[in-house]
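One structure below.
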Amino acid sequence: MRSPRLFIRFVTALVVATGCVALPACGSGSNDTTSSAPVAKFTPDVAAPGNLTVALLPSKSNGASVTVRIAVTGVSSFFGSAFRVNYDPNALLFSGWDTSSSFLLAGVNSTDVLFIEEATGGSLIITATRLNPGVVAPVDVTTTATLATLNFIARKPLAVGATEGRLDFGDPKQVCDGTVTPPGCGAIDVTWSGGGVSAQ
């Protein structure tokens with residue numbers, strides 16, 4: 001029968017020689033593999049939009065989840081808007097939106113503003129507008145302000161610049177100044193700017 005002391009000396013020599021032995025405290029390479037979900041990031045086509053622009057801009061990220069701002073820059077007499085945001089539902093899961101920080105809510109009652117979102121396949125149909133034109137005033141957006149935020153979850157890894165990670169505004173899209181009674185518009189000519197989600 002082997003002596004316990006001899007066995008202890010053998011293990012001690014092995015640890016000294018190799019620096020470690022496959023014991024729980026040593027973290028052997030073969031048992032130390034971990035998997036992590038992709039970390040999502042939104043990159044806008046235009047990071048600093050100019051006047052008369054409606055753009056998608058980054059807000060925050062948390063793991064595979066990314067929040068994107070619908071931001072308006074330098075648009076006078078902004079009363080309301082209607083548009084689509086198109087995306088690839090195989091790559092991105094739309095998980096909701098938030099309008100609590102919308103500039104349309106400034107100085108009016110919540111009943112004076114209408115927000116509607118409908119997700120159909122790979123398209124979000126969005127209406128964000130004040131109500132009662134002629135009674136409720138439009139908003140002069142002098143800098144860059146948030147209209148609403150959108151949240152997406154990356155379903156899989158997405159390379160930077162990948163087509164399947166794109167978020168783009170789709171037709172019909174319009175911004176109205178409130179001078180024309182709905183369903184008319186009093187359209188304001190703006191530039192629409194999207195971007196892309198990557199997840200790595």
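The values are calculated or read from the model by the stated rules, or taken from the named source; none is laboratory data. Owing to the predicted nature of the structure, the values given are computational and were not obtained by experimental measurement. So basically every Cβ, Gly included, is an ideal-geometry build from the backbone, and we count neighbours across all protein chains shown.
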* Structure fact -> For the stretch 123-177, the count of residues that are over 20 Å from residue 49 (Cβ atoms) and among the polar types (S, T, N, Q) equals 6
* Inter-residue pairs, beta-carbon under 9 Å, first on the phi > 0 side of the Ramachandran plot and in the stretch 57-72, second at pLDDT below 95, 6+ apart -> 63/36; 63/37; 63/38; 63/39
* Asked: What about residue 60, is it crowded, with 17+ Cβ neighbours inside 10 Å, over 29 Å from residue 179 (Cα atoms) and either touching a His at 6+ places or on another chain (Cβ under 8 Å) or charged (D, E, K, R) (or both)?
  -> no
* Asked: Taking residue 190, is it crowded, with 18+ Cβ neighbours inside 10 Å, assigned by TED's automatic domain parsing to the domain that holds residue 81 and touching a Ser or Thr at 6+ places or on another chain (Cβ under 7 Å)?
  -> yes
* Taking interchain pairs and intrachain pairs at least six residues apart, which have beta carbon atoms under 6 angstrom, with the first residue in the stretch 115-132 and part of a strand (DSSP E or B) and the second of a type in the set (Phe, Trp, Tyr) and at pLDDT 95 or above? -> 117/97; 119/94; 126/83; 128/115; 130/79
* Take the stretch 170-187 and flag every residue that is out of contact with any Ser or Thr (no Cβ under 6 Å at 6 or more places or on another chain), closer than 21 Å to residue 56 by Cβ and surrounded by 14 or more Cβ atoms within 10 Å (Cβ to Cβ). => 170, 173, 174, 176
* Could you run through the stretch 83-112 and say how many residues are assigned to a loop (DSSP other than H, G, I, E, B), among the hydrophobic types (A, V, I, L, M, F, W, C) and surrounded by fewer than 20 Cβ atoms within 10 Å (Cβ to Cβ)? => 2
* Structure fact -> Selection over the stretch 152-190 where residues are part of a loop (DSSP other than H, G, I, E, B), of a type outside the set (Val, Ile, Thr) and touching a residue at least 12 places away in the same chain (Cβ under 8 Å) yields a count of 11
* Kindly indicate whether any position in the stretch 36-48 is at pLDDT below 70 and surrounded by fewer than 16 Cβ atoms within 10 Å (Cβ to Cβ). => yes
* Pick from the stretch 63-82, criterion within 17 Å of the chain's Cα centre (by Cα) and surrounded by fewer than 20 Cβ atoms within 10 Å (Cβ to Cβ), ranking: farthest from residue 166 (Cα to Cα) -> 63
* Asked: Condition test on residue 129, is it modelled with pLDDT under 95 and of a type in the set (Ser, Thr, Tyr)?
  -> no
* Asked: Within the stretch 80-101, can one find any residue that is out of contact with any helix residue (DSSP H, G or I) (no Cβ under 7 Å at 6 or more places or on another chain), within 20 Å of residue 182 (Cα to Cα) and either at pLDDT below 95 or among the polar types (S, T, N, Q) (or both)?
  -> yes
* In the stretch 113-154, which residues are small (Gly, Ala, Ser), surrounded by fewer than 18 Cβ atoms within 10 Å (Cβ to Cβ) and either in contact with a strand residue (DSSP E or B) (Cβ under 8 Å, 6 or more places away or on another chain) or more than 14 Å from residue 89 (Cβ to Cβ) (or both)? -> 119, 122, 123, 134, 137
